[in-house]
Amino acid sequence: MSVGSASWSFTEDDFAEITKTLQRFLYDSNARCSLLVDRSGQLVATVGERPNFDPTAFATLTAADFSANDQLAKLIGETDFNTLFHQGERESMLLADVARRVILVVLFDNRTTLGLVRLKMRQTVEDLATQFEQVFARGQSGSAAPPSILADADDEIDRLFQ
């Protein structure tokens, strides 16, 4: 599936399963916080310690960072970079592509190591990719939620102008 194609949404059960996966990852890796961001910059979920910054603005910047690095990868002959690492004096973050549509962002400090976070992230990315592929497939098949009230409004507006 191409990046940014078609819209998607998930159910409460999907959200619960995704949250459970992220909570298990944070526990296993001893990381502080994980955020899921879609490639358009929308915040999907935040699990763990509450960030001390605006997570919505952070999500937008994260998506831009990932997009910029995709272009850098192409310049050096790679198709993309599926993980990015940013290290600070006290805080670090590791970003990973999930199913070409979502970015997993992990914030961690000196309570853990990059090696442990990367090790635990591999399985988490696989688990999340499976979960999101099911969501995307359901969206493509059209068997997701019933038509929204806006669809009815569009039909009514069309009838008014006939």
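Read the figures in this text as sums done on the coordinates, not as results from a lab. From a predicted model like this one, the values you see are computed outputs, not experimental measurements. Here the Cβ positions follow ideal geometry from the backbone for every residue, glycine too, while neighbour counts run over all protein chains shown.
Numbers for the structure displayed
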{"item": "All-pairs alpha carbon distance profile, region 24-144, 10 Å steps from 0, percent", "result": "13, 43, 35, 8, 1"}
{"item": "Inter-probe distance in nm under a simple model that places probes 7 Å from Cα toward Cβ, at residue 42 and residue 119", "result": "3.7 nm"}
{"item": "Difference of contour (0.36 nm per residue) and Cα-Cα distance, residue 54 to residue 91", "result": "11.7 nm"}
{"item": "Shape of region 1-91, Cα gyration tensor, a/c cut at 1.5", "result": "oblate"}
